[in-house]
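Input: one structure, supplied below.
The values are calculated or read from the model by the stated rules, or taken from the named source; none is laboratory data. None of the values given here were measured: they were computed from a predicted structure. Here the Cβ is made from the backbone with ideal geometry for all residues, glycine too, and neighbour counts use every protein chain on show.
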Amino acid sequence: MQIYIGCSLTHVPRSEFEAYTQRIHSLAENLRLSGDHAVSYALVNSDPQLANRPYEERARLCYAWDRRMVEQADVLVAEVSFPSTGLGIEMQIADNEDIPIIVCFQRGVDHKALPVNYENPDHTIHNLQIGEGFVSLMALGLPSVYRVIGYDDTRSLANDVISTLQELDSTV
């Protein structure tokens, strides 16, 4: 199975960046070891290569390379603990190609959006619709979302994704 791990990178708080990227690397390694899986993701398969390209080419190449990895995947594992425009685009590409998406997010108060009210021009007050506050309702509403996994640690993330992949593989 060809797996693409989509992840947030740009807006991960720098205080959490090292732990976050290590979690992605660990997930990739666990997925490779769990079966006959080829795993690709930006931290290894596009970002380092972009650094060697002229700056004015990087945005176009980033889009083209990451899009190709999504389109070639049998499944997208989307780690969505942090906001990411690029990951949202990758999820939409997967949905357009009918590629199943496994959405993963880290639970905990540090990753949860708090409820907020807002006022419209007609002076009505509304509650912003944030679902459980971890993942955008828009993202969760994509038809290709196969499973949503909230996790507490890297081990449970890997175990839950692996069992979901086994379930997905048995339905194909």
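Here are some residues: Val116, Val44, Val80. Which one is buried (at least 19 other Cβ atoms within 10 Å of the Cβ) and hydrophobic (A, V, I, L, M, F, W, C)?
The match here is Val80.
Touching a Pro at 6+ places or on another chain (Cβ under 7 Å) and charged (D, E, K, R) - does that describe any residue in the stretch 107-128?
No, the conditions are met nowhere in the stretch 107-128.
With the requirement that a residue be among the charged types (D, E, K, R) and in contact with a Leu (Cβ under 9 Å, 6 or more places away or on another chain), what does the stretch 68-121 give you?
Within the stretch 68-121, Asp74, Glu79, Glu90, Asp95 meet the criteria.
Please determine, by comparing only the residues of the stretch 29-41 that are touching a residue at least 24 places away in the same chain (Cβ under 8 Å) and assigned to a helix (DSSP H, G or I), which one is surrounded by the fewest Cβ atoms within 10 Å (Cβ to Cβ).
Here the answer is Asn30.
Okay, next question. So which residues in the stretch 84-130 are part of a loop (DSSP other than H, G, I, E, B), closer than 17 Å to Asp66 by Cβ and out of contact with any helix residue (DSSP H, G or I) (no Cβ under 8 Å at 6 or more places or on another chain), if there are any at all?
Across the stretch 84-130, the qualifying residue is only Ser84.
Looking at Ile162, Ile99 in this structure, which one is within 14 Å of the chain's Cα centre (by Cα) and over 18 Å from Ala19 (Cβ atoms)?
After applying the criteria, what remains is Ile99.
Now, a different point. Taking the stretch 117-172 on its own, how many of its residues are β-branched (Val, Ile, Thr) and closer than 22 Å to Gln2 by Cβ?
Residues meeting the conditions: 8.
Give the number of residues within the stretch 11-25 that are in contact (Cβ under 8 Å) with a residue 24 or more places away in the chain and touching a helix residue (DSSP H, G or I) at 6+ places or on another chain (Cβ under 7 Å).
Looking only at that region, the number is 3.
While we're here: Can you confirm whether Asp66 is among the charged types (D, E, K, R), within 14 Å of the chain's Cα centre (by Cα) and either part of a loop (DSSP other than H, G, I, E, B) or over 23 Å from Ile162 (Cβ atoms) (or both)?
When the stated conditions are applied, Asp66 passes them.
Among the residues that make up the stretch 155-162, is at least one of them part of a loop (DSSP other than H, G, I, E, B) and out of contact with any Gly (no Cβ under 9 Å at 6 or more places or on another chain)?
no
Does Arg53 satisfy the condition of being modelled with pLDDT of 95 or more, of a type in the set (Lys, Arg), surrounded by fewer than 16 Cβ atoms within 10 Å (Cβ to Cβ) and more than 16 Å from the chain's Cα centre (by Cα)?
Criteria met by Arg53.
Among Tyr146, Tyr151, which is of a type in the set (Ser, Thr, Tyr), in contact with a Cys (Cβ under 9 Å, 6 or more places away or on another chain) and either within 26 Å of Glu29 (Cβ to Cβ) or touching a residue at least 60 places away in the same chain (Cβ under 8 Å) (or both)?
Answer to the selection: Tyr151.
Run His111 past the list (1) of a type outside the set (Lys, Arg); (2) touching a Lys or Arg at 6+ places or on another chain (Cβ under 9 Å); (3) surrounded by 14 or more Cβ atoms within 10 Å (Cβ to Cβ); (4) modelled with pLDDT under 95 and report the number of the one that doesn't hold.
Against the list (1) of a type outside the set (Lys, Arg); (2) touching a Lys or Arg at 6+ places or on another chain (Cβ under 9 Å); (3) surrounded by 14 or more Cβ atoms within 10 Å (Cβ to Cβ); (4) modelled with pLDDT under 95, His111 comes up short only on (2).
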